[in-house]
Amino acid sequence: MPEKKPTTVKPTGHWSRVTGHGSQLNLAVQIGTLRLKNPVTVASGTFGHAEKYYDLEEVKKLGALVPKTVTLHSREGNPPPRILETPSGMLNAIGIENPGVDGFIEKKLPALRRIGIPLFISILGHTDEEFETIVKKFTKEGGADAFELNLSCPNLKQKILVAQDPQATRRVVAKVKAIARVPVIAKLAPNVTDIGEIAQAAVDAGADAISLINTFSAMAIDVRTRRSVLGNCTGGLSGPAIRPMAVHMIWEVAQKIKIPIIGMGGIMTAQDALEFLIAGATMVAVGTANFINPRAPLEVLEGIVEYMRKNKMNDIKDLIGSLKI
Amino acid sequence: MHKIQNKFPIAANERLCPRFYRLAVDAKSILKSIRPGQFLHIRVTDGLEPFFRRPFSVYRAKKFVEILYEPIGLGTRLLAEKKPGEFLDILGPLGNHFTAPPKGTKQVWMVAGGIGLAPFLFLSDELKHKGYELILFYGGRSKGHVFPMKEFKNNGVKTWIATDDGSIGVKGWVSELFRTLDPNPTTTMVYTCGPHAMLASVQSFVKARGLRCEASCEEVMACALGACLGCSIPTVNGYKTVCYDGPVFDIAEVVFS
Ligand SMILES: Cc1cc2nc3c(=O)[nH]c(=O)nc-3n(C[C@H](O)[C@H](O)[C@H](O)COP(=O)(O)OP(=O)(O)OC[C@H]3O[C@@H](n4cnc5c(N)ncnc54)[C@H](O)[C@@H]3O)c2cc1C
Ligand SMILES: Cc1cc2nc3c(=O)[nH]c(=O)nc-3n(C[C@H](O)[C@H](O)[C@H](O)COP(=O)(O)O)c2cc1C
Ligand code: FES
């Protein structure tokens, strides 16, 4: 029997203008001053080694890429086990293993830049000054088309996350905004009582967009040993298990704030991504799904296009926030 | 988006002995480049349960790409139900591979525990007719984990077997088979694969005798592409991913806890 050919995307150049049914589809979206050719990207920490494993012509079709969070100094990460599958999802406690900002700029950034699509550089400082230093280094070296501030990693043994405190959120975002020459995105945590309040704090401080959501704090216990399964004891839950809660948070925040939202949390298919867009997200990020189906981000993009055609929509803006109540 | 993600038809899926199955896929694109020690990451269901793909070493790569597996949980049980003609979503080849025995090697040891046997048929396919004496030390739980191993013997491999319960071969761990031997470190190369407890005992054996040894390690995997950093194990040079930096490591480098 012959090998079944993978379903490949037709080699069209610009996904921002896809022709069909005699009309042009406009998929372009705007984050601050940055124009993206379409609304599909990947979630931080879930995409890597593109140069070795991916067909770069296909990766280029995405609207943007978000590499794993970078800290000022290198971090070796948490002891194993770091991951565990759960019903319709997974726990992770990686602990932001990364080569530090200098190592990232030297070893990882050049290959990412060569792909040729906008990079949202995800950064995390343990203090306000660290955030500022990282931003300054990227500003000097170039290479960041936007900064995504990771205010919400649950795996660092901090008592309280920046994104759990409206004042801290306002302060960090304002400090970065004051020195950044590219759009600033605040990535928020779902582990809060009132997500609207935190999002508003980011808006007040001048954020250009909000990324929602990071993982839910979570844990699993091995009842044989009565130990936590994860080496870090606790971790974060991602994947389809969290999707309905993510959609709800995006909807709640979208009603309150005017800046764009990058929606994520359990997106596996285009159908899932459409929920986020309809709820009010301007962009969607595919995370955990990359581990199950590395083709997921492209399938999401293709599916959005197909949906717009079927529903005779010409502009992605007709879809964003189009929930009927 | 992926160079190495494909759907391949199953050519065979059969039981070799009470505990082990062999599955073959018609995957010419993998055949071309796969090396012994590399693995495949297989999606065993279109649904969400189990959620992750499952990694499997390549057992043989001749006409088909084959894996050897033991149904121990949901993923491997679902695999055992697959029929020839069905398609499997596979990422591969992945990871690094065993390196060739260094110059001067006369004797090659393959030390395998349980399903850790899988990569060694492929390795012996590559090493046969090269003048090495090939020896397999295999430890299984009981005789249900042992099959005739004709294919190994056809490659000229001498096989030594131990079982935990002594139902076949020597009673005890695989290390019982070579505990008292004292091979020449300049002419012997050791390859090993199995549970980490077994690898740890091989590590102390080869260290005491100054033997060169490569180990294929295991850890739970999500992406298997080096992206999630979920499969890291401690080494003397810090954490390394089993899927991308490994699965094959110089055994002296790995820290078994
Ligand atoms: C690089 C690599 C190569 C591998 N090659 C092979 C191979 O060639 N053939 C093969 O059969 N398996 C191989 N494995 C292991 C294989 O991936 C697991 O057996 C499989 O993931 C089990 O999935 P499951 O859904 O059937 O079991 P699960 O439901 O995930 O687990 C069932 C039970 O088995 C335990 N368990 C799970 N995995 C292992 C393990 N690796 N060792 C011991 N106990 C375990 C679990 O803790 C649980 O109690 C390999 C693993 C790696 C990392
Ligand atoms: C293994 C793993 C690593 C992650 N690493 C990061 C990270 O470094 N920085 C970050 O902001 N978010 C990180 N995340 C969170 C994701 O970016 C995303 O917000 C979250 O997983 C929800 O989306 P998903 O369900 O589609 O994965 C990580 C998630 C996973 C599963
Ligand atoms: S499984 Fe994701 S890095 Fe190895």
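Overview of results
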| quantity | calculated |
| --- | --- |
| Pairs with Cβ under 6 Å, 6+ apart, first in segment B:215-233 and farther than 15 Å from B:PHE39 by Cβ, second part of a strand (DSSP E or B) | B:GLY230/A:ILE83; B:SER232/B:TYR239; B:SER232/B:THR241 |
| Test for B:VAL58: is it hydrophobic (A, V, I, L, M, F, W, C) and either surrounded by fewer than 23 Cβ atoms within 10 Å (Cβ to Cβ) or within 14 Å of another protein chain (Cβ to nearest Cβ) (or both) | no |
| Any hit, segment B:9-23, residues being under 28 Å from A:LEU301 (Cα atoms) and surrounded by 20 or more Cβ atoms within 10 Å (Cβ to Cβ) | no |
| Residue list for segment B:101-127, filter: in a loop (DSSP other than H, G, I, E, B) and either within 14 Å of the chain's Cα centre (by Cα) or within 16 Å of ligand 2 (Cβ to nearest atom) (or both) | B:ALA118 |
| Segments classed as helices (runs of 4 or more DSSP H), wholly inside segment A:59-142, with at least 2 members that are under 19 Å from the mean Cα position of the chain (by Cα) | A:109-115, A:128-141 |
| Total residues in segment B:20-34, condition away from chain A (no Cβ under 14 Å), under 19 Å from B:LEU78 (Cβ atoms) and modelled with pLDDT of 95 or more | 3 |
| Matching residues in segment A:46-58 - criterion: being within 15 Å of ligand 2 (Cβ to nearest atom) and either closer than 17 Å to A:MET283 by Cβ or not in a loop (DSSP other than H, G, I, E, B) (or both) | A:THR46, A:PHE47 |
| Positions within segment B:200-243 being within 11 Å of ligand 1 (Cβ to nearest atom) and either assigned to a loop (DSSP other than H, G, I, E, B) or within 7 Å of chain A (Cβ to nearest Cβ) (or both), in sequence order | B:CYS217, B:GLU218, B:GLU219, B:VAL220, B:MET221, B:ALA224, B:CYS231, B:ILE233, B:VAL242, B:CYS243 |
| Criterion (out of contact with any Lys or Arg (no Cβ under 7 Å at 6 or more places or on another chain) and within 15 Å of ligand 2 (Cβ to nearest atom)) met by exactly one of B:VAL220, B:VAL248, B:VAL202, B:VAL206 | B:VAL220 |
| Selection status of B:GLY92, within 18 Å of B:CYS17 (Cα to Cα), within 14 Å of chain A (Cβ to nearest Cβ) and either within 16 Å of ligand 1 (Cβ to nearest atom) or modelled with pLDDT under 95 (or both) | no |
| Hits in segment A:276-306 (condition: over 16 Å from the mean Cα position of the chain (by Cα) and either among the charged types (D, E, K, R) or assigned to a helix (DSSP H, G or I) (or both)) | A:ILE278, A:ALA279, A:ILE292, A:ARG295, A:GLU299, A:GLU302, A:GLY303, A:ILE304, A:VAL305, A:GLU306 |
| Odd one out for A:SER228 among (1) within 14 Å of another protein chain (Cβ to nearest Cβ); (2) touching an Asp or Glu at 6+ places or on another chain (Cβ under 9 Å); (3) within 16 Å of ligand 1 (Cβ to nearest atom) | (1) |
| Answer residue from segment B:198-237, given it is within 27 Å of B:ILE4 (Cβ to Cβ) and of a type in the set (Gly, Ala, Ser) and is farthest from ligand 3 (Cβ to nearest atom) among those | B:ALA215 |
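The values are calculated or read from the model by the stated rules, or taken from the named source; none is laboratory data. Here the structure is a predicted model, which is why all the values come from computation and not from measurement. So basically every Cβ, Gly included, is an ideal-geometry build from the backbone, and we count neighbours across all protein chains shown.
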